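In what follows, a single structure is set out as structure tokens and then discussed.
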Amino acid sequence: MPKTITRLALPLIGAEIVNALYNVVDRIYIARIPGMGSLALTGVGVCFPFVMIISAFAQLGGMGGAPLLSIARGEGDYAKAKRIQGNALVLLVAFSIAITVVTLLLKGQALYWFGASVDTFASANEYLTVYVLGSPFVLITLGMNSYINAQGYARTGMFTVLIGAVLNIVLDPIFIFTFGMGVRGAALATVLSQAVSALWVMRFLTGKHCMLKVERRDMRPDFSLMRSMLGLGFASFIMNVNDSLVSIVCNAQLQRFGGDVYVGVMTVISSLRQVLYLPMSGFSQGSMPVIGYNYGAGLYRRVRQAILFTLTVCVAFATSVWAAAELLPGALMRIFTSDEALIAAGIPCCRIYFALFMFMSLQMAGQRGFVALGRAKKATLFSILRKTLIVAPLALILPGMGLGAHGVFLAEPVSDFIGPVACFTTFMLTEWRLLREPGEKKEKPRRLRD
């Protein structure tokens, strides 16, 4: 089981890291635009909630259907698996059209609500306008790539994001500096790169090497399947939307209590967390097809083995991230900015923000476990708990209690402890004890001696 999960997870980890480069590389280059790097970086950071919302809709169509496809494969129902995949593509196209229209209509005022200032609005508006016009490519790439991975083609899934990310790295400096397009050039490079990735995804899913091809007959709307997909994907959707809403609240509070400098600090630290979080996310995502397939086949012993192995790896990785963030915050921040004033303000904030990050391993194992087993409601509940019910209220309350901008960063470690512990404890109490095969002996509890 460890070998199977690792084989699937390593390409996904690479894909997750490379996929993060779309936004991370943009920020690294943008921060170095002569004469306006820090302000431009802060403006792009204000756009981050929009980017997360677009990703949330990709997760809704992708992560919602991919576990169902794995379960259907485990049951031997390949016709149903193909219908799931075809209906997912229909949903993603519909989402992309709606997102583009709504964002273009509301972006002007919304950017100020999200933490933009008079000085950073122009950069934020330029970046967002170009990026949202390319949202169909983003949704198809992120959403449909989940179905490539769910069929066991993890290496192909890695190439999906690798192609786009490498192209983005090449195009960014050309558009930003050579053509003098600045922030608009960074967004254009990202959109063109995502378009190439989307073409790669659809070419594979309709080609002869794919086990479950996308065919027109499988794209006929099946509203029963769509409801199941949306229900299961709602957990991942809420996670991303929660992150977006919390980002909005935090940026607004930071603008109020610290100004553009602390909004810039949050942009750097959230970028850092995004990169450091992704290997753990990719590994746990790699376990989901294994858990779903064996659950559908009734092989519960293997399901338990997969969950325990995933938890062990996530704990080790999250602890390593925590140690690095506490010991080397300045060095990590310099990856994204060379502004010494921003780094000086950010070092204590970084230590506060990552103070209890090691507990996120419990959230990841429990959250992915719920989703892989089809327990959408429970997964959604704990997504809402950690961000919406803990971080957002604390970010509103703590700065006014004399903590200032540091109070916003303190909200994160509080949620990193309460949310994950509650999530994993509930998973063990409700799901773990049910994962026993017929005839399998229950382990007798050991009585402790005084």
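Worth pointing out:
- Lysine pairs meeting the criterion (Cα under 29 Å, 8 or more apart or interchain), as found in the chain: 22
- The trypsin sites (Lys or Arg not before Pro) of the stretch 150-228 that DSSP puts in a loop, and whose beta carbon has at most 12 other beta carbons within 10 Å, are Lys208.
- Measuring how big the stretch 323-367 is from its alpha-carbon positions, Rg and Dmax come out at 12.6, 39 Å.
- Along the chain, the longest continuous region that contains none of the GluC sites (Glu not before Pro) in a DSSP loop with at most 11 other C-beta atoms within 10 Å is 1-439.
- In order along the stretch 296-310, phi translates into HN-Hα couplings of x, 8, x, 9, 6, 4, 5, 4, 5, 4, 5, 5, 5, 5, 4 Hz, rounded to whole numbers, per the Karplus curve 6.51 cos²θ - 1.76 cosθ + 1.60 with θ = phi - 60° and x for Gly and Pro.
- More than 23 angstrom apart: percent of Cα pairs within the stretch 119-225: 38
- Whole-Hz ³J(HN,Hα) from phi, Karplus 6.51 cos²θ - 1.76 cosθ + 1.60, for the stretch 142-151, glycine and proline x: 6, x, 6, 5, 4, 7, 5, 5, 5, 8
- For the stretch 119-182, the Kirkwood estimate of hydrodynamic radius, built from reciprocal distances between every pair of different alpha carbons, is 13.8 Å.
- Between Leu434 and Ile335, full extension at 0.36 nm per residue minus the direct alpha carbon distance yields a gain of 31.1 nm.
- With the convex hull of the Cα atoms taken as the outline of the chain, the averaged projected area works out to 22.8 nm².
- Karplus 3J(HN,Hα) series, Hz, for the stretch 334-345 with 6.51 cos²θ - 1.76 cosθ + 1.60 (x for Gly, Pro): 5, 4, 9, 8, 10, 6, 5, 5, 5, 5, 4, 5
- Computed log₁₀ I(q)/I(0) - Debye formula, equal Cα scatterers, no solvent, the stretch 156-309, q 0.12 Å⁻¹: -0.88
Laboratory data are not the source of any read-out in this text; all were calculated from the coordinates shown. Note that this is a predicted model, so its numbers are computed, not measured. Note that we place each Cβ from the backbone using ideal geometry, even for glycine, and neighbour counts take in every protein chain shown.
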